[in-house]
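Asker: I'd like to ask you about the structure that follows.
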Amino acid sequence: MHNGEKFLYKRNPKKNSDFCVWLGFPAVYSFSMSSLGFLWLFKLLDETEDINVERICSDTKETSFLKPDVFGFSFSFDLDFLTVFSMLEKYKIPLKSSQRDESCPLIFSGGPVVSANPEPYKDFFDFFIIGDGEDLNLEAMRICKNSKSKKEALKRLSELEGIYVPNLSDKVKKVTKRLSECIYTPIMSENSFFKNTFIIEMSRGCMNRCGFCLASYLNLPLRSVPYEDLLNTVDLGLKYTDKIAFLGAQVSAHPHFKDLCKHIYDKIQSGQNIEMNFSSLRVDAISEDVVKTLVTAGQKNSTLAIEAGSERLRKLINKNISEEQIFEAVKIARENGLKGLKFYGMIGLPTETYEDIDALVTLAKRIKNENKGFGLTFGFSSFVPKPHTPFQWIGRENTKSLEDKALYLQKEMHKNGITAHISSIKWDYWQAVLSRGDGSLCDFLIDVYRQGGKLGAFKSSAKKYGIDTDYFACSNFEFDTKLPWDFIEVQPGKEFLIKENIRLYNGL
């Protein structure tokens, strides 16, 4: 426990339990305190009478329990493996599960990266939680606690829906949870990256289904927290802080989104001090009432995802917003008190040409010219194909081509006095390798880690192990190609993704 933490639930002392779980977060403590899923899993275990649980971060100096029975990791970003490896070695745990004996803890992982495709990491974890982990995590810990050996535990775990045990599981059905309760920040901390902020999950999934979006397809269907539960949770948070943030891939799709905004607005108007923030908003969700609520709650800027500059390309990726909707959103934001907007987009999307890049520049230039004095910034990443999406079969452009596009876009934006930030094309390439990789990458990943995890390490390790990384990152696959993650059963399934891919390319 760290100084300055406030627990918003009743902790269970668990005085008579000798079973210990470490929940590992592969980043520093301040980041872990802003991770809703990580903290919620800790809460569920912390409330359980016969399980001791402790949070372990990359900068943890001392532990309450010297040796855990189970050590689980949150795995949210592709490069998290580097910190996971360093944390395992810090506690003298061999990286490969095959090198660990009965005295070592069982090592598991959950989160979006391994729920999408655990294969590049299967040599390092004894089991994986695939999908929503709130209930499954607790059930898995009970099995580990009540098994006589690791072998028995893994056999029983492999029979559980949503658990992948390498070498024991042939098919795994991803678990999708109903949002019958509201997930919120259970531990407040002034040392959190978002200091003393109470975060509330409004919804899970996204109904818009952009063709590249893992958060959308991996979390189908869109689920929203019941409105009354949302209001009760807001009231709970306001007992501890005046900073509220709402989380979700598409918060504005909540059926009571506007009612929620009015609820917050009325509280502020009645004299209550509230700072409110949404992770991002859809262009077609911007309205006078929403913006007025944001401004009244102290938000000065917001983020809009436009993805592409041309309507042709936006239609292909299923981002069905028009230019006029974009300009109207900016107008409403400016006229109702926001000081600026950040636009997020992508380059290298399937079928993209320089005409599409020019369309981005033209769009940005027009927005700037029509909104003098309004803060505008643009951020871009490059397309990374993700499992379980309609674009999982589509490879990225080669690095040289994408770097040329990025340089061209940045120069053209600069000519027009527009700030544009573009993510590293080379790092995005390696993200794509990991995203569509398979079990052949395991030794490669260890070597990358041993060499320090920089860009040069990835390149030299691939050469050392003879891995054709372009195959994973840049190849276009046929629909009948056996993909590393095909053994994971998600809803609505592969046939649906094929139909989605064909529909998008046909422009239907």
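The values are calculated or read from the model by the stated rules, or taken from the named source; none is laboratory data. This one's a predicted model, so the numbers in the text were calculated from it and none came from an experiment. We place every Cβ from the backbone using ideal geometry, glycine too, and count neighbours over all the protein chains shown.
Asker: Within the bounds of the range 219-229, is there any residue that is part of a helix (DSSP H, G or I) and over 26 Å from the mean Cα position of the chain (by Cα)? Quick ask: steps written out before the conclusion?
Answerer: The initial filter retains those residues of the range 219-229 that are part of a helix (DSSP H, G or I), namely 227-229.
Narrowing further to those that are over 26 Å from the mean Cα position of the chain (by Cα): 228.
Yes, the conditions are met somewhere in the range 219-229.
Asker: Sticking with this one: Condition (residue is surrounded by fewer than 20 Cβ atoms within 10 Å (Cβ to Cβ), assigned to a loop (DSSP other than H, G, I, E, B) and within 20 Å of the chain's Cα centre (by Cα)) applied to the range 52-65: is it met by at least one residue?
Answerer: Yes, there is a match, as at least one residue in the range 52-65 is surrounded by fewer than 20 Cβ atoms within 10 Å (Cβ to Cβ), assigned to a loop (DSSP other than H, G, I, E, B) and within 20 Å of the chain's Cα centre (by Cα).
Asker: Among what's in the range 275-315 and is part of a loop (DSSP other than H, G, I, E, B) and under 22 Å from PHE380 (Cβ atoms), pick the residue that is farthest from the chain's Cα centre (by Cα).
Answerer: SER310
Asker: Answer yes if at least one residue in the range 165-173 is in contact with a Gly (Cβ under 7 Å, 6 or more places away or on another chain), at pLDDT below 95 and surrounded by fewer than 18 Cβ atoms within 10 Å (Cβ to Cβ), and no otherwise.
Answerer: Yes.
Asker: Given the criteria touching a strand residue (DSSP E or B) at 6+ places or on another chain (Cβ under 7 Å) and of a type outside the set (Ser, Thr, Tyr), does LEU39 qualify?
Answerer: yes
Asker: If we keep just the residues of the range 382-419 that are assigned to a helix (DSSP H, G or I) and charged (D, E, K, R), which is farthest from THR353 (Cα to Cα)?
Answerer: Once the filter is applied, the top-ranked residue is LYS415.
Asker: On the basis of being at pLDDT below 90, among the hydrophobic types (A, V, I, L, M, F, W, C) and not assigned by TED's automatic domain parsing to the domain that holds ALA329, does ALA215 make the cut?
Answerer: Judged against the criteria, ALA215 is a match.
Asker: PHE124 passes all but one of (1) surrounded by fewer than 21 Cβ atoms within 10 Å (Cβ to Cβ); (2) in a loop (DSSP other than H, G, I, E, B); (3) aromatic (Phe, Trp, Tyr); which number fails?
Answerer: Condition (1) is where PHE124 drops out.
Asker: Sticking with this structure for a sec: Residues that are buried (at least 20 other Cβ atoms within 10 Å of the Cβ), touching an Asp or Glu at 6+ places or on another chain (Cβ under 9 Å), assigned to a helix (DSSP H, G or I) and not aromatic (Phe, Trp, Tyr): does the range 77-95 have at least one?
Answerer: Checked against the condition, which is being buried (at least 20 other Cβ atoms within 10 Å of the Cβ), touching an Asp or Glu at 6+ places or on another chain (Cβ under 9 Å), assigned to a helix (DSSP H, G or I) and not aromatic (Phe, Trp, Tyr), the range 77-95 yields no hits at all.
Asker: Could I ask something else about it? Go through the residues of the range 332-344 one by one and say whether even a single one is in contact (Cβ under 8 Å) with a residue 24 or more places away in the chain, in a loop (DSSP other than H, G, I, E, B) and either hydrophobic (A, V, I, L, M, F, W, C) or assigned by TED's automatic domain parsing to the domain that holds CYS213 (or both).
Answerer: Yes, because at least one residue in the range 332-344 is in contact (Cβ under 8 Å) with a residue 24 or more places away in the chain, in a loop (DSSP other than H, G, I, E, B) and either hydrophobic (A, V, I, L, M, F, W, C) or assigned by TED's automatic domain parsing to the domain that holds CYS213 (or both).
Asker: Then there is this: Looking at LEU44, LEU8, LEU39, which one is surrounded by fewer than 20 Cβ atoms within 10 Å (Cβ to Cβ) and under 22 Å from the mean Cα position of the chain (by Cα)?
Answerer: Being surrounded by fewer than 20 Cβ atoms within 10 Å (Cβ to Cβ) and under 22 Å from the mean Cα position of the chain (by Cα) holds for just one of LEU44, LEU8, LEU39, which is LEU44.
Asker: Of all the residues that make up the range 394-429, how many are among the hydrophobic types (A, V, I, L, M, F, W, C) and under 27 Å from ASP480 (Cβ atoms)?
Answerer: 1
Asker: Scan the range 352-374 and give yes if some residue there is under 17 Å from CYS261 (Cβ atoms) and at pLDDT 90 or above, otherwise no.
Answerer: no
Asker: Right, here's the next one. Identify all residues within the range 245-288 that are buried (at least 17 other Cβ atoms within 10 Å of the Cβ) and either assigned by TED's automatic domain parsing to the domain that holds ALA305 or charged (D, E, K, R) (or both); write none if there are none.
Answerer: Of everything in the range 245-288, those that are buried (at least 17 other Cβ atoms within 10 Å of the Cβ) and either assigned by TED's automatic domain parsing to the domain that holds ALA305 or charged (D, E, K, R) (or both) turn out to be LYS267, ARG282.
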